[in-house]
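Contents: one structure, followed by commentary.
The values are calculated or read from the model by the stated rules, or taken from the named source; none is laboratory data. What you see is a predicted model, and the numbers here were worked out from it, not measured in a lab. Cβ: placed from backbone, ideal geometry, glycine included. Neighbour counts: every protein chain shown.
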Amino acid sequence: MFGAIFGDIIGSYYELHCTKEYDFPLRKECTFTDDSVMTAAVSKAILLNGCPINKHQLKQRAKEFAVQYKQFYSYFPNAGYGYLFNKWASAVKNMRIQRSYGNGAAMRAVPIGYAYESIEQVLLQAKASCLYTHNCREAIRGAQAVACAVFLAAHNSSKESIKNFICEKFRYDLSSSVDDIRPYYSFDSSTSYSVPPAITAFLDSSDYESAVRNAVSLGGDADTMACIAGGIAEAFYGDIPEHIKNFCYGKLDYTIKSNAAEFCQKYKISLYKN
């Protein structure tokens, strides 16, 4: 949870000031964005009703996620949402289906990977989390890929196993390294363009901080990609460096901070680590 949120904070400055430098400074201007807010919304929906579902309960579960998206949007209406989501979330009585193919569904999927005991349930819950705002095959696939990567990382799967699963299940090409991708990569918030490199940023890492730095240094949608890479990295490595915690924690609003802490306590984030 905090791995995803801290990744968002670190990457926030570089969303607008893209960098290809790995050793970029942690800027005082960094702040939490819509990635953190919506990650908190997903975790809140799970805290309120995290029961497993079957395919016949998808619509009801999707509505529970959607209610929390609107609720947390009302708390933080200026957190940097995309145009379509902003229009949907700000309309009081609007619960119409949006079919965005952006990475907004993937960026908030990390809590799902922690909360469930089977890959099948993770897939189903991730799909439900998309149906009101990102009811698009590409966006659903991205959210499921991120949630599954977190699930596998938290259950002590190797990087090779995680990579193979993601490639086979979601047909993502993860064959290129961060160094291969970086020279030509540019900003694009579509799911299929931004989620695979974010996962690669984790796969090429040696610890939590290097995963986040890899993601930001690609020069793309830095906060979202670092949120994804950081969320998976925390699940895999089981720790976040103290200087990262010290830099990011004070930048969090109490609502997000307390929500994340409650989620971590309930789902025992480090439960599966050796």
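Quick look at the numbers
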{"item": "Those residues of segment 76-117 which are over 21 Å from ILE232 (Cα atoms) and touching a Pro at 6+ places or on another chain (Cβ under 9 Å), in sequence order", "result": "ASN86, ALA89, SER90"}
{"item": "Verdict on LYS159 being within 25 Å of ALA79 (Cα to Cα) and in contact with a helix residue (DSSP H, G or I) (Cβ under 8 Å, 6 or more places away or on another chain)", "result": "no"}
{"item": "Every residue from segment 46-63 that is without any contact (Cβ under 8 Å) to a residue 40 or more places away in the chain and within 28 Å of TYR249 (Cα to Cα)", "result": "LEU48, ASN49"}
{"item": "Those residues of segment 3-21 which are assigned to a helix (DSSP H, G or I), crowded, with 16+ Cβ neighbours inside 10 Å and over 13 Å from the mean Cα position of the chain (by Cα), in sequence order", "result": "ILE10, SER12, TYR13, TYR14, GLU15"}
{"item": "Qualifying residue in segment 25-37 (condition: among the aromatic types (Phe, Trp, Tyr) and assigned to a helix (DSSP H, G or I))", "result": "no"}
{"item": "Verdict on ASP188 being modelled with pLDDT under 95, touching a Gly at 6+ places or on another chain (Cβ under 8 Å), under 20 Å from TYR101 (Cα atoms) and among the charged types (D, E, K, R)", "result": "yes"}
{"item": "Filtered residue count, segment 93-130, keeping only those that are hydrophobic (A, V, I, L, M, F, W, C), closer than 27 Å to THR31 by Cα and not in a helix (DSSP H, G or I)", "result": "1"}
{"item": "Where CYS30 falls short, out of the listed (1) surrounded by 14 or more Cβ atoms within 10 Å (Cβ to Cβ); (2) within 29 Å of TYR132 (Cα to Cα)", "result": "(2)"}
{"item": "Pick from segment 64-83, criterion among the small types (Gly, Ala, Ser) and part of a helix (DSSP H, G or I), ranking: farthest from GLN265 (Cα to Cα)", "result": "SER74"}
{"item": "Set GLU120, GLU138: member being farther than 29 Å from LYS268 by Cα and out of contact with any Pro (no Cβ under 6 Å at 6 or more places or on another chain)", "result": "GLU138"}
{"item": "Test: residue in segment 172-187 that is aromatic (Phe, Trp, Tyr), in contact with a Pro (Cβ under 8 Å, 6 or more places away or on another chain), surrounded by 17 or more Cβ atoms within 10 Å (Cβ to Cβ) and free of Cβ contacts under 8 Å to residues at least 40 places away in the same chain", "result": "yes"}
{"item": "Candidates PHE85, PHE72, PHE24, PHE76, filtered to the one that is modelled with pLDDT under 95 and either over 22 Å from THR191 (Cα atoms) or surrounded by 13 or more Cβ atoms within 10 Å (Cβ to Cβ) (or both)", "result": "PHE85"}
{"item": "Residue within segment 51-63 that is modelled with pLDDT of 95 or more, part of a helix (DSSP H, G or I) and closer than 17 Å to MET1 by Cα present", "result": "no"}
{"item": "Of the criteria (1) without any contact (Cβ under 8 Å) to a residue 60 or more places away in the chain; (2) surrounded by 21 or more Cβ atoms within 10 Å (Cβ to Cβ), which one LYS93 fails", "result": "(2)"}
